[in-house]
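The values are calculated or read from the model by the stated rules, or taken from the named source; none is laboratory data. Predicted model, so just to flag it, every value in this text is computed and none were measured. So basically every Cβ, Gly included, is an ideal-geometry build from the backbone, and we count neighbours across all protein chains shown. Side chains are part of the model used for accessible areas, which takes the heavy atoms of the whole protein and leaves out ligands, DNA and RNA. Shrake-Rupley method; radii C 1.70, N 1.55, O 1.52, S 1.80 Å.
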Amino acid sequence: MSKTHAFEFLAAHSGAAPVDFAVAGLFGGDSTLTSWATAVLAGAADVTEVDGTTGRWADINDELSTASLFDMGEKRTVVIRDADKFVSANRPEIETYLAKPGMAARLVLQFESLASNTKVYKALDKSHVLVCCSGETGQKTGATAASRRKFLTQYVAARHQTKLTGGAADALIEMLGEDIGFLDTEIAKLALYLPPGETIEEPLVRDVVAGWQGKTIWQITDAISSGNAAEAIKQLDKLISGGQPAIALLPQIAWSLRRLGLAASAHVAAERAGKRQTLEDSLAQAGVHRPAEISRAIADMKRMKREKAVQLLAWLLDADLRLKGTHSADGRDRFMLEQFVMRLASVT
């Protein structure tokens with residue numbers, strides 16, 4: 001079985017017969033997708049979970065060689081969490097097992113990431129089950145914006161006995177980011193506002209999700225554009241203390257700032273081309289059209305000053321890459337986001 005994405009894998013096996021496999025590899029870093037895919041693979045059989053940082057191959061091999069006495073013929077499933085470190089420490093044994101897996105039990109390897117040029121990846125891709133469990137879209141993951149939207153509107157919405165329009169799904173991603181667990185939680189909350197089976201539409205998303213959280217995001221971006229670092233950090237702390245993860249907050253903070261950055265870039269490009277362009281024209285190129293939004297954006301850009309505005313896009317990209325890479329761990333993500341806000345709010 002060749003690599004598939006969790007969006008398609010989960011939809012294909014929703015309510016279907018148990019998956020027939022000997023070994024499965026899950027990678028991509030989204031813990032919710034990994035958990036859901038593992039549940040589908042394990043089915044109703046007995047499951048043994050092992051910490052890959054401390055597990056020993058000899059013990060796991062024993063587990064894989066031992067059939068269950070209580071599952072009426074179903075194969076038990078051995079799940080190795082944090083398989084990255086486990087495979088690094090036991091690579092020859094894993095590669096040998098992939099070439100000839102046992103018949104008594106099934107093995108699920110949960111990776112944070114898995115390079116496509118490794119023998120383990122190639123063996124899983126060729127002969128076993130390989131599922132990308134990432135909420136991100138792009139060539140690297142194999143998911144598209146359309147496939148993620150379909151997953152949210154059909155699979156996730158159905159989990160909560162509700163329906164979700166494509167526009168509502170897009171609004172949730174725009175406001176909350178790509179973490180599937182966080183999106184699932186918000187869809188569950190929105191479903192409570194409607195009778196079972198009714199449809200969640202974009203206005204409800206923007207009204208409910210934006211609530212106090214949206215107001216606080218507005219206060220952060222307003223403090224950033226006016227150079228009030230203390231207020232920006234204060235409001236950011238309120239959101240983080242309320243349980244909002246840094247990786248979900250950045251897209252919300254970035255939404256209005258990105259448009260200012262696009263407008264600044266358009267303005268500079270026009271100047272370099274020898275054209276006289278008003279801020280209104282530059283903002284229109286960035287997608288700001290409503291009179292009230294234009295007035296506010298012009299005031300924000302003037303307060304922010306040119307030197308900061310022209311660097312917004314680069315800073316936003318840098319923050320996004322760090323949150324998904326070097327600063328993705330708990331603690332480091334908050335530090336990075338606070339540093340990012342301070343950088344924006346304090347530069348004159």
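Some observations on this one:
- Comparing LEU279, LEU176, LEU41 in a Gaussian network model of the chain, where Cα atoms under 10 Å apart are tied by springs, the biggest mean-square fluctuation is seen for LEU279.
- Under the combined filter of DSSP loop state and at most 10 neighbouring Cβ atoms within 10 Å, segment 40-100 retains these chymotrypsin sites (Phe, Trp or Tyr not before Pro): PHE70.
- Overall Cα dimensions of the chain, principal axis frame, Å, largest first: 75, 47, 38
- Each residue, SER328 and THR199, gets one label point 7 Å from its Cα in the Cβ direction; the gap between the two is 3.6 nm.
- Computed over protein heavy atoms with a 1.4 Å probe, the accessible surface of the chain works out to 50 Å² per residue.
- Most mobile listed residue (THR66, THR54, THR144) in the chain, GNM with C-alpha springs under 10 Å: THR54
- Loop sites in segment 126-193: chymotrypsin sites (Phe, Trp or Tyr not before Pro), DSSP, at most 16 other Cβ within 10 Å: TYR193
- Between helix 246-272 and the chain: long-axis angle, C-alpha atoms, 0 to 90°, nearest 10: 50
- Loop-located GluC sites (Glu not before Pro) in segment 128-190 (DSSP state other than H, G, I, E, B) with a sparse environment of at most 16 neighbouring Cβ atoms within 10 Å: GLU136.
- Build a GNM of the chain with springs between Cα atoms under 10 Å apart, and of ALA309, ALA16, ALA266 the one that fluctuates most is ALA16.
- Model label points for GLU49 and SER226, set 7 angstrom from Cα along the Cα-to-Cβ axis, are 4.6 nm apart.
- For the pair VAL268 and GLU95, the difference between a 0.36 nm per residue extended length and the Cα-Cα distance amounts to 56.8 nm.
- Against the chain, whose longest principal axis is taken from its Cα atoms, helix 291-304 shows a tilt of about 90°.
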